[in-house]
Amino acid sequence: MSEKNTGGLRGQAVGQTSVSTVGAEGHNLTYRGYGIGDLAEKATFEEVAYLLLYGKLPNQAELDGYKGRLKGIRDLPDALKAVLEKIPANTHPMDVMRTGCSMLGTLEPETDFGQQYDITDRLLSAFPGILCYWYRFSKDGTRISTDTGADDIAGHFLQMLNGKKPSELLQKAMNASLVLYAEHEFNASTFACRVCSATLSDFYSSITTGIGTLRGPLHGGANEAAMALLEHLDGFGSIDNARKELLNMLARKEKIMGFGHAVYKISDPRSPVIKEWAKNLAGHVGDPKRYYELSEMVEKTMWDEKKLFPNLDFYSASCYHFMGIPTALFTPIFVMSRTSGWAAHIMEQRANNKLIRPNAEYTGEKARAFVSIENR
């Protein structure tokens with residue numbers, strides 16, 4: 001394989017997009033030209049989803065109409081609920097999201113590409129219910145309502161998960177998280193969605209492809225791994241002892257997830273935003289296991305020892321933990337958000353489509369004669 005391709009296409013431009021730009025100047029991220037810092041601070045997730053899908057920020061009337069449309073299509077079909085109830089409790093939650101998407105695609109199929117906006121809205125509205133309905137039923141047999149009446153997706157998800165309306169602080173933190181995870185250019189799952197959609201496959205198949213790609217631990221599981229790291233380090237008592245263990249892990253060349261990035265070279269612009277939310281939530285709900293202090297220690301140690309900066313996934317771990325979200329549900333939240341970005345890319349691919357079919361550099365045997373079986 002040629003030297004330029006040894007990094008799994010890393011650094012190779014494989015297409016064009018107007019949806020987002022990642023890594024400009026080593027540390028920038030924009031959605032349709034808007035900086036991620038401004039969006040996370042000032043916009044709701046619904047505004048950002050509208051921006052990604054329609055190319056502009058909505059005015060108040062457009063936003064009200066869009067949120068009303070999403071609220072009106074949250075309930076799940078009985079046939080889908082029946083399938084979710086049959087999924088075992090020990091199933092990986094990402095498999096639940098993949099199965100839920102596929103099942104909904106059989107019940108409400110795409111028969112014409114003109115349905116793609118409606119299907120996107122349906123999936124954005126349905127995914128929180130798919131996850132929470134299965135989780136609550138598999139956990140304690142509760143058949144929850146997936147039509148909470150909550151004003152936005154962030155509050156809707158937390159209300160279904162915990163059985164009560166979330167505080168304003170928790171709702172704002174979840175909203176910011178959804179904004180930060182909404183889009184990230186040609187990452188592995190987005191590119192997989194585009195490859196699938198380039199064959200002119202249906203919308204559900206493309207989104208399911210994205211879910212399956214995100215399921216892999218090298219893409220979507222870093223926040224879960226970061227939470228496991230914090231829980232491991234907490235077992236060593238003091239912060240000093242935890243730091244010693246972290247240094248031992250580095251000496252053993254163990255992978256510390258949630259640091260560095262394939263595209264950003266200076267810093268991840270999303271990290272300071274989610275770190276601030278983790279700090280705010282720790283002070284609000286209490287931090288009996290000192291996970292925020294541990295996180296800061298890990299961040300400093302990784303920079304001092306490896307010059308690696310935290311990416312979005314690292315402080316998302318403690319942020320979600322402080323919100324009372326089970327670790328196994330961290331990556332499915334990613335799906336709830338990234339569906340907006342995936343959908344924007346699928347639509348963009350369809351609008352100017354060419355089949356994505358790269359070549360490979362052959363490294364096998366040279367041409368040779370066939371040998372009949374009796375002479376082998």
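Can you tell me which residues in the stretch 66-94 are under 12 Å from Asp121 (Cα atoms) and not hydrophobic (A, V, I, L, M, F, W, C)? Talk me through it step by step, then tell me what you get.
Of all residues in the stretch 66-94, those under 12 Å from Asp121 (Cα atoms) come to 66-74.
Matches in the stretch 66-94: Tyr66, Lys67, Gly68, Arg69, Lys71, Gly72, Arg74.
Identify the single condition in (1) in a helix (DSSP H, G or I); (2) of a type outside the set (D, E, K, R); (3) more than 18 Å from Ile119 (Cα to Cα) that Gly68 does not satisfy, given that it satisfies every other one.
Checking Gly68 against (1) in a helix (DSSP H, G or I); (2) of a type outside the set (D, E, K, R); (3) more than 18 Å from Ile119 (Cα to Cα), the one that fails is (3).
So which residues in the stretch 321-371 are over 30 Å from Val195 (Cβ atoms) and of a type in the set (Phe, Trp, Tyr)?
Hits for the stretch 321-371 are Phe322, Phe370.
Look through Gly149, Gly163, Gly141 and report the one residue that is within 25 Å of Ala40 (Cα to Cα) and surrounded by fewer than 22 Cβ atoms within 10 Å (Cβ to Cβ). Break it down stepwise before answering.
Values: Gly163 fails: within 25 Å of Ala40 (Cα to Cα); Gly141 fails: within 25 Å of Ala40 (Cα to Cα).
Result: Gly149 is the single residue among Gly149, Gly163, Gly141 that is within 25 Å of Ala40 (Cα to Cα) and surrounded by fewer than 22 Cβ atoms within 10 Å (Cβ to Cβ).
Out of the residues in the stretch 98-133 that are touching an Asp or Glu at 6+ places or on another chain (Cβ under 8 Å) and either among the β-branched types (Val, Ile, Thr) or not in a helix (DSSP H, G or I) (or both), state the one that is surrounded by the most Cβ atoms within 10 Å (Cβ to Cβ).
First, pick out the residues of the stretch 98-133 that are touching an Asp or Glu at 6+ places or on another chain (Cβ under 8 Å): 105, 109-110, 116, 119, 122, 129.
Now drop any that are not either among the β-branched types (Val, Ile, Thr) or not in a helix (DSSP H, G or I) (or both), which leaves 109-110, 119.
On the way: Pro109: 13, Glu110: 17, Ile119: 21.
Ranking the candidates gives Ile119 first.
Could you tell me which residue of the stretch 1-52 is modelled with the lowest pLDDT, considering only residues that are under 19 Å from the mean Cα position of the chain (by Cα) and of a type in the set (Ser, Thr, Tyr)?
So, considering only residues that are under 19 Å from the mean Cα position of the chain (by Cα) and of a type in the set (Ser, Thr, Tyr), the one modelled with the lowest pLDDT is Thr21.
The values are calculated or read from the model by the stated rules, or taken from the named source; none is laboratory data. This one's a predicted model, so the numbers in the text were calculated from it and none came from an experiment. Quick reminder, even Gly has a Cβ in these numbers, built from the backbone with ideal geometry, and neighbours come from all protein chains shown.
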